[in-house]
1. In what order do MET91, MET119 fall by count of nearby beta-carbon atoms within 10 Å, going from fewest to most?
2. About the Cα centre of region 83-187, how large is the charge dipole given +1 on each Lys and Arg Cβ and -1 on each Asp and Glu Cβ? Please answer in debye to the nearest 20.
3. Using the Kirkwood formula on the Cα atoms of region 38-106, what hydrodynamic radius do you get, in angstrom to one decimal?
4. Could you let me know the centre-to-centre spacing of region 56-87 and region 167-208, using Cα atoms, in angstrom?
5. At SER75 and TYR99, where each label point lies 7 Å from the Cα along Cα→Cβ, what is the point-to-point distance in nanometres?
6. Excluding VAL67 itself, calculate the net charge of residues whose Cβ lies under 15 Å from the Cβ of VAL67, where each Lys or Arg counts +1 and each Asp or Glu counts -1.
7. If each residue of separation counts as 0.36 nm, what is the full-extension length gain between ASP146 and ASN230 once their alpha-carbon separation is subtracted?
8. To make sure I understand, if each residue's beta carbon is the centre and we count other beta carbons within 10 Å, what order do TYR72, TYR222 fall in, fewest to most?
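What follows is calculated from the coordinates using simple rules that are stated; it is not laboratory data. Computed from a prediction, not measured in an experiment: that's the story for all the values here. Note: ideal-geometry Cβ built from the backbone for every residue, glycine included; neighbour counts use all protein chains shown.
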Amino acid sequence: MKKLLKSRIVRRLLYFFAIIFVLYLLIDKFFLPWYVDSPETVVPDVVGMKDTDAIELLQNSGFEPLVIDTTYGESYPAGIIFLQKPTDGKMVKVGRKIYLFVSGGAHVVSVPRLIGKTMLDAKFALERIGLKLGRVTQLPSDKPKDMIFDQQYAEGTTLKKGQTVNISVSAGRSGGSIIVPDLIGKSLSQAESILADNSLSIGKINFQTSQTLLPNTVLDQYPSSGNKLNPGGKVDLFVTKSAESEIREE
């Protein structure tokens, strides 16, 4: 018997069964009675709530909320709970984990640089990331014919997949009778006055933030100076706006 007890295998088996017995006593005498006797409560409905509000509500109700997945889609805005497990109305033990699924909002992509590309190249570049080529406007320009010289959204702008991007394509130098004046550096009101004196008018105004120039200063124009337009033609302008105004808009 002594030799048997000295055996390493036998000692390990004895230790194993001793540990199993202790675990059984702990589960039977402590954990099971605690679980059986712990109070139950109803799971609240947090679907449709902002994730931070849902987590706070669940914690205050005695649960342990866990965000386990974020899914992109347009059914719910970003940061909104769209699914919970267990579902609302179920009776569960206080302290139970509640698994939350949060919406990441619509899947967005960054607009690529299209200026300098051909219309076909721009179409492929947009389709590769889930965007579409929108309206194509041909305007007189000193840029090579059929080259894109303006795009609706600046490079890096985030858009939802499936949205369209309009572009302006150079039609080459026009054969109009009025030479487009140089408006760069002028104020918006000065540019409007100069164009009116030349039987022209302002077309689309694209505002861009500037930290150095005064607001309403012309940064660029299309068609550029030196091109020719017919009377009544329009000149698109890129005009500065202050950073403060951008903050107010947000």
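1. MET91, MET119
2. Using only the charged Cβ atoms, the result is roughly 820 debye.
3. 11.9
4. First find each Cα centre; the distance between them is then 53 Å.
5. If labels sit at SER75 and TYR99, their model points lie 1.6 nm apart.
6. Once all neighbours under 15 Å are counted, the net charge is -2.
7. Difference between extended and current length: 28.2 nm.
8. With the sparsest Cβ surroundings first, the list reads TYR72, TYR222.
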